[in-house]
1. Of everything in segment 112-147, what is exposed (fewer than 13 other Cβ atoms within 10 Å of the Cβ) and at pLDDT below 85? Give them in sequence order.
2. For segment 260-330, list the strands (runs of 3 or more DSSP E) that sit wholly inside it and hold at least 2 residues that are touching a residue at least 60 places away in the same chain (Cβ under 8 Å) and either in contact with a Gly (Cβ under 8 Å, 6 or more places away or on another chain) or more than 21 Å from ASP430 (Cα to Cα) (or both); which are they?
3. Would you pick out the residues in segment 240-258 that are buried (at least 19 other Cβ atoms within 10 Å of the Cβ) and out of contact with any helix residue (DSSP H, G or I) (no Cβ under 9 Å at 6 or more places or on another chain)?
4. Give segment 469-483 a look and list any residue that's surrounded by fewer than 18 Cβ atoms within 10 Å (Cβ to Cβ) and either basic (Lys, Arg) or touching a Cys at 6+ places or on another chain (Cβ under 7 Å) (or both), or say none.
5. Tally up the residues in segment 329-364 that are modelled with pLDDT under 85 and among the hydrophobic types (A, V, I, L, M, F, W, C), please.
6. Just to confirm my filter: which strands (runs of 3 or more DSSP E) fall fully inside segment 395-483 and include at least 2 residues that are within 30 Å of LEU333 (Cα to Cα)?
7. Can you go through GLY109, GLY82 and tell me which one is in the same structural domain as TYR160 (by TED's automatic domain parsing) and either exposed (fewer than 14 other Cβ atoms within 10 Å of the Cβ) or over 31 Å from the mean Cα position of the chain (by Cα) (or both)?
8. Whether any residue in segment 91-105 is touching a residue at least 40 places away in the same chain (Cβ under 8 Å), farther than 14 Å from ALA40 by Cβ, of a type in the set (Gly, Ala, Ser) and in a strand (DSSP E or B) is what I want to check.
Amino acid sequence: MRNKPAGAVLALVLPILFCSLNLNAKEELSRLRLQVDRKAGQLIDSLARTDPQFSAALDTAAGYFAGQLVQVQALVAGAGSGTGVLVDLDSGERIYLDVTRFDLGPGFGGQAMSAVILIHDRDVLNEAKTGNWNVGWGAEAAAGEAYAASRRRGRDYSVYAMTNEGLLAVASLRVVRFRLNPEMNNLSVSAYNIPNWSKTKGVEEEPGTWNRTLPFLARKVVEKGYKLPLPYGAGLIYAHAEQEQNITDVRIGFGGSEKVPVEAIIFDEVISTNNSYQFKLDGWILPFMNVFASVGYIDGKGPISLRIDGDTLLEDLGINCGGIIPHPLCKILGGKEVTFPVTASFQGVAYTGGTLIAGGWNGWFFTLPVTFTYTDLKDTRTDGYTMGFSPRGGRVISLQKLGNLAVFFGAQYIKAEMDLDGSYTFPGTDVSVEYLVSQSNKDRWTLTLGYNWEINRRWSWSFEYSGFIGSRKTFVTTTSFRF
């Protein structure tokens, strides 16, 4: 009885606490915007006093970027990051950008620097609003405070850089990327890799924005409070599968004749195993519909031993052994049981396509991937296809600075069929027969358990295991990058 008042107090206090945290987050974002704007204004004023030509160039510019960057260089590689604001001088639009820089070349040291990029071309400014790569050779040397100005790409833009502090000398191939800061621009980019809707009860949140072409209808759903993952993805996949097979049909022919069905006895369980390595591309076409395709290498095996009654096989092949010159197979098969192995070692290329339906609500999510795979195997006439779908649901757990962990559980259905087409030469002879063995996986349903570690909005690593029931056991691991 004494716990009830405490529980009632918690039930009252926790929603207020969550609302307070949400409001504090908004206040923090507003503070960060004001801080970036203030530093940008101070930098513009400082350059105008230091460089007489800067003010004249600013008056004719379409816009500018002003921000700060911290850089470290060690021997042959370096990296830097920072934040700034992109200003359209005609419309007054302000866009907050994260800056990342990578250097490849000899150098050593570190520096904290400020930079203003005056953009003279309207097309370049519009490109900068959506993200831009800039690659070029450069050399820098800094000791304490210093100032330098340079002009690149003709009249497109001018770079004015000021070293605040540090000691750095580097000559490198430089890659600089500007990309939108989702929080500071109120972009509805999901922290998860699936679309989701979440809202703190009692707190009014302003609608987010979306600045990408895909997915279609995105602006309509973000206005309703949904957040969407970055639209494009690339990934590397490794998969291992082991499953029992059913032999559904055995056909045998001789000398190029039509293969005829025969009755065969299978000695042991037919177990196939394979490993595949794939490269995958995907895109969100609609807010809750992703399409993907992958291509990769597959390496597997599934040996089969067949035992066939020789007389029955001769009869099925239409061979009469009562003639003056007996058929070559009569001596080999007549009155005997014949055992021969079917070669089921395959290597080749696997092509996969499919779609994913997904959605989330307050940390819970549901996904339904549907896939179709065709295998084109070399050095054999073997081919096959696999069709599957895997409904699953789960919960996203926040790992704070380490990202999010999406844990899921579900079921998996796979229908795999394959035809093994080859030939067998009887030992000690030059007589051979052609065979066609059709097989399919025995257990089509199983259970799936896995996780997806969403390190940030771009990088993730997943692992899943399917088994628990039936004879099929698979595990898949994927490293993905979204952009």
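1. So in segment 112-147, the residues exposed (fewer than 13 other Cβ atoms within 10 Å of the Cβ) come out as 122-123, 133, 135-137, 139, 144-145.
Matches in segment 112-147: TRP133, VAL135, GLY136, TRP137, ALA139, GLY144, GLU145.
2. Working: elements: 270-286, 289-301, 304-309.
Strands (runs of 3 or more DSSP E) meeting the threshold: 270-286, 289-301.
3. ALA241, GLN243, GLN245, VAL250, listed by residue number.
4. Correct list: LYS473 only.
5. Qualifying residue count, segment 329-364: 4.
6. Working: elements: 404-425, 432-441, 445-454, 459-467, 473-482.
Ranges flagged: 404-425, 432-441.
7. Values: GLY82 fails: either exposed (fewer than 14 other Cβ atoms within 10 Å of the Cβ) or over 31 Å from the mean Cα position of the chain (by Cα) (or both).
Checking each option against the conditions leaves just GLY109.
8. Going through segment 91-105, the residues touching a residue at least 40 places away in the same chain (Cβ under 8 Å) turn out to be 94-105.
Checking which are farther than 14 Å from ALA40 by Cβ leaves us with 98, 100-105.
After this cut, where a residue has to be of a type in the set (Gly, Ala, Ser) as well, the list is 105.
Among the residues that remain, those that are also in a strand (DSSP E or B) are: 105.
Yes, segment 91-105 contains at least one residue that is touching a residue at least 40 places away in the same chain (Cβ under 8 Å), farther than 14 Å from ALA40 by Cβ, of a type in the set (Gly, Ala, Ser) and in a strand (DSSP E or B).
The values are calculated or read from the model by the stated rules, or taken from the named source; none is laboratory data. As the structure is a computational prediction, the values presented were derived from the model and not from experiment. No Cβ is skipped: glycine too gets one built from the backbone with ideal geometry, and neighbour counts run over all protein chains shown.
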